[in-house]
Amino acid sequence: MRINILTIFPEYFDVLREVSIPARAREQGHVEYRVEDLRDYTHDRHNTVDDAPYGGGAGMVMKPEPYFEAVEEIDPDGPIVLLTPRGERFDHDGAVKLSLEEELTLLCGHYKGVDERVAEELVTHELSIGDYVLSGGEPAALVVVDAVVRLLPGVLGDHQSAASDSFYDGELLAPPVYTRPPEYRGMEVPEVLRSGDHGRIAEWRREQALRLTRERRPDLVEDSGDGADDEDPADHESAG
Ligand code: ADE
């Protein structure tokens, strides 16, 4: 997959080449990152990327030309995504869809927003990572890249690791996990997980996933239509 990122802070994306799974995915040839500095697509001495809003008001607006010219230079296939708090909420399903693309282009905005002609003419999707306003689209773009890249075939090595994530099948939150030591400061790992009984372990995980989902995201259980509502996990003896 090719991922293009347009930004006025290219250094923000150094982590993609240096740290954790996004960097390893690149080293292994699963993904290529192209980070373009929007200031390289300006034509004045000061490399101006923003200007005052028409109609007045506080804050500056990102000019359209650098986005248009950078996209024309890259000439990308696939989705062109603007990161913006007014966009559609980015979620696991959105990550899966984007991970199926050959190429993905992310546009980061700043200040008071991006000239509307960019949204109208250039972008195919607008995405938000949550109901809060970041100082720019860069952290949101990093979130999208991380969520997408880890879904690319071969990136996680152990497919189970993605398959057992919360939201993997649009259903339940992930159950609790433990590692050694078996007892830490008086807190014990549930006996069932140490029992070696894979049937009981699977059942316990399912119950815990249901319990957590009911407690924290009841909207997901109601939507799942898997009969989860037929059974109250509180009826079961939890080993936790
Ligand atoms: N830019 C500023 N805030 C944002 C958000 N919540 N999601 C995506 N892009 C943003």
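The values are calculated or read from the model by the stated rules, or taken from the named source; none is laboratory data. This one's a predicted model, so the numbers in the text were calculated from it and none came from an experiment. No Cβ is skipped: glycine too gets one built from the backbone with ideal geometry, and neighbour counts run over all protein chains shown. Remember, those area values only see protein heavy atoms, side chains included, never the ligands or the DNA or RNA. Shrake-Rupley method; radii C 1.70, N 1.55, O 1.52, S 1.80 Å.
Kindly evaluate R117 against the criterion of being assigned by TED's automatic domain parsing to the domain that holds D51, open to solvent by 80 Å² or more (accessible area, probe 1.4 Å), part of a helix (DSSP H, G or I) and at pLDDT 95 or above. It is true that R117 is assigned by TED's automatic domain parsing to the domain that holds D51, open to solvent by 80 Å² or more (accessible area, probe 1.4 Å), part of a helix (DSSP H, G or I) and at pLDDT 95 or above. Of all the numbered requirements in (1) surrounded by fewer than 18 Cβ atoms within 10 Å (Cβ to Cβ); (2) under 15 Å from L6 (Cα atoms); (3) within 16 Å of the ligand (Cβ to nearest atom), E88 misses one, and that requirement is (2). Which one is surrounded by the most Cβ atoms within 10 Å (Cβ to Cβ), of the residues in segment 59-74 that are more than 14 Å from E121 (Cα to Cα) and either within 16 Å of the ligand (Cβ to nearest atom) or charged (D, E, K, R) (or both)? Of everything passing the filter in segment 59-74, M62 is surrounded by the most Cβ atoms within 10 Å (Cβ to Cβ).
Residues in segment 16-51 that are open to solvent by less than 60 Å² (accessible area, probe 1.4 Å), under 23 Å from the mean Cα position of the chain (by Cα) and β-branched (V, I, T): I21, V31, V35.
Tell me, please, whether a residue that is on the phi > 0 side of the Ramachandran plot and surrounded by 14 or more Cβ atoms within 10 Å (Cβ to Cβ) can be found in segment 182-197. For segment 182-197, residues on the phi > 0 side of the Ramachandran plot and surrounded by 14 or more Cβ atoms within 10 Å (Cβ to Cβ): absent.
Across segment 75-85, the number of residues qualifying as open to solvent by less than 50 Å² (accessible area, probe 1.4 Å) and under 16 Å from the mean Cα position of the chain (by Cα) comes to 6. Residue by residue through segment 63-101, note down the ones that are more than 16 Å from V143 (Cα to Cα) and part of a helix (DSSP H, G or I). Selection gives P64, E65, P66, Y67, F68, E69, A70, V71, E72, E73, I74. Annotation: G94 fulfils all but one of (1) closer than 30 Å to A162 by Cβ; (2) open to solvent by 30 Å² or more (accessible area, probe 1.4 Å); the unmet one is (2). In the set (1) modelled with pLDDT of 95 or more; (2) farther than 30 Å from P85 by Cβ; (3) not hydroxyl-bearing (S, T, Y); (4) not in a helix (DSSP H, G or I), G157 fails one condition alone, (1).
Within segment 120-142, which residues are of a type in the set (A, V, I, L, M, F, W, C), within 14 Å of the ligand (Cβ to nearest atom) and buried (at least 17 other Cβ atoms within 10 Å of the Cβ)? The answer is V123, L127, I129, L134, A140, A141, L142. E102 meets all of the listed conditions (1) under 26 Å from P22 (Cα atoms); (2) open to solvent by less than 40 Å² (accessible area, probe 1.4 Å) but one, namely (2). Would you check if A147 is free of Cβ contacts under 8 Å to residues at least 60 places away in the same chain, within 16 Å of the ligand (Cβ to nearest atom), closer than 26 Å to G78 by Cα and part of a helix (DSSP H, G or I)? Yes: the conditions hold for A147.
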